[in-house]
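S.K.: One structure follows; several queries about it will come next.
Coordinate-derived values only; no laboratory data. Note that this is a predicted model, so its numbers are computed, not measured. Cβ placement follows ideal geometry from the backbone for every residue including glycine, while neighbour counts extend to all protein chains displayed.
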Amino acid sequence: MSALSLTAIPRTRAKDKAGLRLLTSRLVLIGYLLFLLIPIYWLVNMSFKTNAEIMSSVNLWPETPTLANYARIFGDPTWYMGYVNSLIYVVMNTVISITVALPAAYAFSRYSFLGDKHLFFWLLTNRMAPPAVFALPFFQLYSSVGLFDTHIAVALAHCLFNVPLAVWILEGFMRGVPKEIDETAYIDGYSFPRFFLKIFMPLIASGVGVAAFFCFMFSWVDLLISRTLTSVDVKTIGVAMTRTSSATGLDYGTLAAAGVLTIIPGALVIWFVRNYIAKGFALGRV
Amino acid sequence: MDKTQNNKAWFLVLPVLVLVAFSAVIPLMTVVNYSVNDTFGDNQFFWAGFEWFEEVLHSERMHAALWRQLLFSAIILAIEVPLGIAVALTMPKRGIWASTCLVLVALPLLIPFNVVGTIWQVFARIDIGLMGATLAALGIDFNIGQSSLDAWIIVVGMDVWHWTSLVVLLSYAGLQSIPEAYYQAGRIDQASRWAVFRYIELPKMKGVLLIAVLLRFMDSFMIYTEPFVVTGGGPGSATTFLSIDLVKMAIGQFDLGPAAAFSIMYFLVILLVSWVFYTVMTNLDKEEEFE
């Protein structure tokens, strides 16, 4: 009897302690999520308000919800063409990056060759290079070859950091595929291109998806390079937003709506890569 | 994995090489060219040697920007890494809530940098922002346009908001890779929560935490868009970090020589840190193979 109670007391105490710990950990998590979501909520909230309401009062929800801000964006070519332009160069960049990165990542994951380590390191430095260093030279390079203010200029310039990133992520995924698969396929008489497309690609499909997602994302979130390389014909959404905010200064409703619309593509795609997103950020090394 | 020795693999790397050379080497050569020349416009250049480098090395403005940058990166790391680990420890391990938390946590990472700036600029405004208005209602004088301290608080707060999630995601992935048996062993030994963290979880997170620290250091070291949108580098030059100063110099004032010399030194610092990163990471990869 006494032995029983002796063991019982520490056990309930341990249970209390565990319960308290669970409670504090939940509170930390909820607090962090609130910290993340409240600023975003404020933007969404503002995008449904009229400018008069934004300026006159601070309300947690719109008193007279309006879609006028979104209507203005979809009705004005300088606004909605910003999205179209951004999407065009982002997609171009993603396609180029993945296409050139696939064979290179395969080479790095399967073969050792003269200078491979140095080359890999050189690629890393480009991912880490400050875009500000490249802003002016890019401007002059693309002006001199007559590509200034075109989609392809921005797409090529973003390759600077996206191609190394794609190579790194894909290499991480490819090294997880056993080499015996390649060898078996060659013995079975597959040529390299056929093996790569028919057998290897399906095996690393998730890796390609993650790499594409990251290229898309880093090209989408950049402002500095796209702003430097475009002026009139290809006005990007980031440029449209900074220019409008400085020019009129008071049109916060439209600005908020434009901001909300830029969040949507990422928010939609993220669900599909949620289990791999850490692997992407860790350059394929988790 | 043992790799086959084959120099023909160069052909597979060639497209990447050409593309990145076009978008990295050529621009970088232009920068080097500017850094050792002086110009009066019209594409006429005069050899200036290392004059620009000396000028930049001795410029008060550069020193100030560099100190601000180092201080900023240090504060960012000191807040984001512990906070990120703490949040990762609280996330549910499996089920629908785990997925939902992952998506919500990752959300700030996918917002364009200028929109992040806009969100915080609006959020902190006294007249229309929730945070600014709340602080004003509490009687706290908060003005990012006038007070340097307030501008710093908002820039640091914004970066914590934007990037702590990266540390969370990486730590979470590290935690997920710990087999349940390790925890069972800990329970059998009646290890305290701290001991479990210190001797089971932390060693397993070492690899990903290293990547998180280095990525955060690099990215905060070249931060541009967010402070540019929120404070514009002000008030005065209180939040003018290296990149902001560089772009101001190169594109705003068109001081090509000093800007180029500055760029090269900036780049060398990055190169050095990249090298450390690369060496440490390849060593970690090797360790994993031996385990």
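S.K.: As an exercise, take the mean of 1/r over every pair of distinct alpha carbons in the protein assembly as shown, invert it, and state the Kirkwood radius in angstroms.
M.R.: On the way: mean 1/r = 0.0388 Å⁻¹.
After inverting the mean inverse Cα-Cα distance, the result is 25.8 Å.
S.K.: Sorted from fewest to most neighbouring beta carbons within 10 Å, what does the list A:LYS17, A:LYS279 look like? Don't skip to the answer; put the middle values down first.
M.R.: Values: A:LYS17 12, A:LYS279 23.
Lowest count first: A:LYS17, A:LYS279.
S.K.: Answer rounded, prolate or oblate for segment B:7-290, using the Cα gyration tensor with square roots of eigenvalues a ≥ b ≥ c: rounded when a/c is under 1.5, else prolate when a/b is larger than b/c, else oblate.
M.R.: Numbers: a/c = 2.36, a/b = 1.31, b/c = 1.80.
Taking the square roots of the gyration eigenvalues as a ≥ b ≥ c, segment B:7-290 is oblate.
S.K.: Relative contact order for segment A:77-281: what is it in percent, counting Cα pairs under 8 Å that are at least 6 residues apart? Please report the intermediate quantities before stating the final value.
M.R.: Numbers: 184 pairs, mean separation 71.7, N = 205.
It comes to 35 percent, rounded to a whole number.
S.K.: Then there is this: For A:GLY176, what residues show an amide H to amide H distance below 5 Å, using hydrogens built from the backbone and excluding near sequence neighbours?
M.R.: none
S.K.: Oh, and also: Across the residues of A:135-144, average count of Cβ atoms on other protein chains within 10 Å?
M.R.: On the way: counts 9, 14, 14, 4, 4, 5, 6, 2, 0, 2.
Other-chain Cβ atoms within 10 Å of each residue's Cβ, averaged: 6.
S.K.: A further question follows. Using the alpha-carbon centroid of each, what span in Å lies between segment B:225-291 and segment A:153-178?
M.R.: If you average the Cα positions of each part, the centres end up 21 Å apart.
S.K.: What's the FRET efficiency of A:TRP61 with B:ASP189 using the Cβ-Cβ distance as r and R₀ = 35 Å, to the nearest 0.05?
M.R.: On the way: r = 52 Å, r/R0 = 1.50.
The calculated FRET efficiency here is 0.10.
S.K.: Sum -39500 (n - 2.57) across every DSSP H segment of at least 4 residues in chain A, then divide by the residue count to get the 222 nm mean residue ellipticity, nearest 500. Don't skip to the end; give the middle numbers.
M.R.: Values: 14 runs with 216 residues, N = 286.
Dividing the helical sum by the residues of chain A leaves -25000 deg cm²/dmol.
S.K.: Check B:ASP38: other-chain or 5+ apart residues with amide H under 5 Å from its amide H, H built from backbone geometry?
M.R.: HN-HN under 5 Å from B:ASP38: B:PHE46, B:TRP47, B:ALA48.
S.K.: Next question. Quick check on chain B: helices-only [θ] at 222 nm, where DSSP H runs of length 4 and up contribute -39,500 (n - 2.57) each and the sum goes over total residues. Nearest 500, please. Don't skip to the end; give the middle numbers.
M.R.: Values: 14 runs with 200 residues, N = 291.
After summing the helix terms and dividing by the residues of chain B, the value is -22500 deg cm²/dmol.
S.K.: List the longest stretch of chain B that has no exposed loop site; here a site is one of the chymotrypsin sites (Phe, Trp or Tyr not before Pro) assigned by DSSP to anything other than H, G, I, E or B, with at most 15 other Cβ within 10 Å.
M.R.: Numbers: sites that count: B:PHE40, B:PHE50, B:PHE254.
It runs B:51-253.
S.K.: Additional query: Would you pull out the residues with amide H under 5 Å of A:SER112's amide H, same chain only if 5 or more places away, H placed 1.01 Å from N?
M.R.: B:THR4, B:GLN5, B:ASN6
S.K.: Something else about it: Roughly how far apart, in whole Å, are the Cα centres of segment A:203-225 and segment B:177-210?
M.R.: Here the two parts' Cα centres lie 33 Å apart.
S.K.: As I understand it, the dipole of chain A uses +1 on the Cβ of Lys and Arg and -1 on the Cβ of Asp and Glu, about the Cα centre. Which of A:MET55, A:SER219, A:LEU37 lies farthest toward its positive end?
M.R.: The one lying farthest along the dipole's positive direction is A:LEU37.
S.K.: For A:CYS159, B:CYS101, what ranking results if the residue with the fewest other Cβ atoms within 10 Å of its Cβ goes first?
M.R.: B:CYS101, A:CYS159
S.K.: Peptide B:179-192: average number of partner chain Cβ atoms within 10 Å per residue? If you can, show how the numbers build up before the last one.
M.R.: Numbers: counts 0, 0, 0, 0, 0, 0, 0, 0, 0, 0, 0, 1, 0, 0.
Mean shielding by partner chains, rounded to a whole number: 0.
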